[in-house]
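Taken together, the values in this text are just the output of simple stated rules run on the coordinates, not laboratory data. Source: prediction; values computed, not measured. Cβ placement follows ideal geometry from the backbone for every residue including glycine, while neighbour counts extend to all protein chains displayed.
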Amino acid sequence: MNKKQVYKWSILISVFLSILGVLALYYLFSSEMRESLIQIEGAWFVLIIILIRIGVLSGMTFYIFRQWFNQEQQYLSDIPFLFGLFFIVLTFGKALDILINFTYYTLDDAETFLILLKIRHFVIVLTLIPMLFLSIEMILFVRSLKETRENLKGEKYRDKLRIRIIILILVVEFIVVALYPNTTVAGIVMAIIIIPSLIAIVWMFYFAYKNRRLSQVHPLILSIGFGMYLISQIIRPLVQNIIGESAMYIIISEIVDLIIFINIFIGFIMKVKYSD
């Protein structure tokens, strides 16, 4: 097999195994999920809106990966691959949200629910990694313009360095998530993880736009999109306190997120036109 076929089969096998994993979790907690659908008002509307999001995200993912495979050469550092990875992990995250939302009230074992929440948070960490990979490259590029060290100016050295940084981030964040003692701490720590990551991503795309980089996408729209996502994550606890942990809160959150990620997708498919 050539490199393109290896990438295709790797993605297909990973998707297949991930689907099996999600379905296995659905099966294990099917009674709790059915109970939520029967007892909780608005549960069916929550399910429908999340399924719509999964469908939209799946379409976006397919489009991005098709664009990547239509290139003459495929590299794992390509922007289409990184965005495809971002959207595909996000899609499976939404599938896990169905499980989390529909076991929140009906699962009696707090320890078991905490394990499910940790699985969801592992996926959240993985979702942001592709964009952080781009952000680290931008930071290293900026430093290469100022540093006197010649090795930092080399692209191969920067690639190796950002891989090491990404691995370090993954290991640290996975350990932190694994050590959550309860759901209250989980929510606080995830905010500490997500918000700085999103700030770095917003800065990266804005910096790229100001310095006329990443011309194969529209960095300004992406910066705005991820900025909207950052704001939504900051104000979400406030909205939750006002509305409560209800079906209405979840529906509003999902609709807002759908709009935000459509904006991010538009930023990916549009090419910026820098003036001379």
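Annotations
- Helix-only CD estimate at 222 nm, as mean residue ellipticity for the chain, using -39500 (n - 2.57) per DSSP H run (n ≥ 4): -28500 deg cm²/dmol
- Exposure proxy ranking, count of Cβ atoms within 10 Å, fewest first, for LYS273, LYS160, LYS94: LYS273, LYS160, LYS94
- Sum of side-chain charges, ILE193 neighbourhood, beta-carbon under 14 Å (Lys, Arg +1; Asp, Glu -1): +1
- Summed residue charge, Cβ within 13 Å of TYR206's Cβ, Lys/Arg positive, Asp/Glu negative: +3
- In this calculation the C-beta distance from ALA24 to ILE231 is compared with R0 = 41 Å, giving a FRET efficiency of 0.70.
- Longest exposed-site-free window of the chain, the sites being chymotrypsin sites (Phe, Trp or Tyr not before Pro) in a DSSP loop that have at most 12 other C-beta atoms within 10 Å: 76-273
- Three-way shape call for the range 3-269 based on the alpha-carbon gyration tensor, with the a/c threshold at 1.5: prolate
- Cut-off of 10 Å, at most 15 other beta carbons, DSSP loop: longest stretch of the chain lacking such GluC sites (Glu not before Pro): 151-244
- Spin-label model distance (nm) - VAL171 vs GLN39, 7 Å beyond Cα toward Cβ: 4.4 nm
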